[in-house]
Amino acid sequence: MNTSTDWTYRVFEPHGSEGWRPYGSDPEQWHGVITAADTDEGARHAIGRIVADLMTEWERNGLHHAMHVRVFLWHDEAGEMEDADFVVEVRPRSDFDTA
């Protein structure tokens, strides 16, 4: 039987030697809960939705390439970064063509 669960997510951006800080000018926008299947596939679906929302935001703001962020996903409640169930890093392409 396929059951659903709440996946808690947070998005962080690099902050030099200080490590990572909440992403964006409104960090509350980039953390929340997504309900998806209680499986690895459900977690991948949740992360995919978050990354798609990020890419839409970047396009809307005229950024035609990805920013550098990490998406952390926890089963149920958020915890420490090192306790995340899944982490996906989105990095800009190094061969980005500005022409």
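The values are calculated or read from the model by the stated rules, or taken from the named source; none is laboratory data. For clarity, every value in this text was computed on a predicted model and none was experimentally measured. We place every Cβ from the backbone using ideal geometry, glycine too, and count neighbours over all the protein chains shown. What goes into the accessible areas is simple: the full protein's heavy atoms, side chains included, and nothing from ligands, DNA or RNA. Shrake-Rupley method; radii C 1.70, N 1.55, O 1.52, S 1.80 Å.
So which residues in the range 18-34 are more than 15 Å from Asp85 (Cα to Cα), open to solvent by 80 Å² or more (accessible area, probe 1.4 Å) and either at pLDDT 90 or above or under 15 Å from the mean Cα position of the chain (by Cα) (or both), if there are any at all?
Arg21, Glu28, Gln29
Looking at the range 1-17 only, could you name the residues that are open to solvent by 70 Å² or more (accessible area, probe 1.4 Å) and among the aliphatic types (A, V, I, L, M)?
Across the range 1-17, the qualifying residue is only Met1.
Which residue out of Glu41, Glu77 is under 19 Å from Thr3 (Cβ atoms), modelled with pLDDT of 90 or more and surrounded by fewer than 14 Cβ atoms within 10 Å (Cβ to Cβ)?
Working: Glu77 fails: modelled with pLDDT of 90 or more.
The conditions single out Glu41.
Might you check whether a residue that is assigned to a helix (DSSP H, G or I) and under 30 Å from Thr3 (Cα atoms) occurs anywhere in the range 58-72?
We begin by selecting, within the range 58-72, every residue assigned to a helix (DSSP H, G or I); these are 58-60.
Checking which are under 30 Å from Thr3 (Cα atoms) leaves us with none.
No; the residues of the range 58-72 include none that is assigned to a helix (DSSP H, G or I) and under 30 Å from Thr3 (Cα atoms).
Kindly indicate whether Ala52 is modelled with pLDDT of 90 or more, surrounded by fewer than 14 Cβ atoms within 10 Å (Cβ to Cβ), under 15 Å from the mean Cα position of the chain (by Cα) and not in a strand (DSSP E or B). Walk me through it before giving the result.
Working: modelled with pLDDT of 90 or more: yes; surrounded by fewer than 14 Cβ atoms within 10 Å (Cβ to Cβ): yes; under 15 Å from the mean Cα position of the chain (by Cα): yes; not in a strand (DSSP E or B): yes.
Yes.
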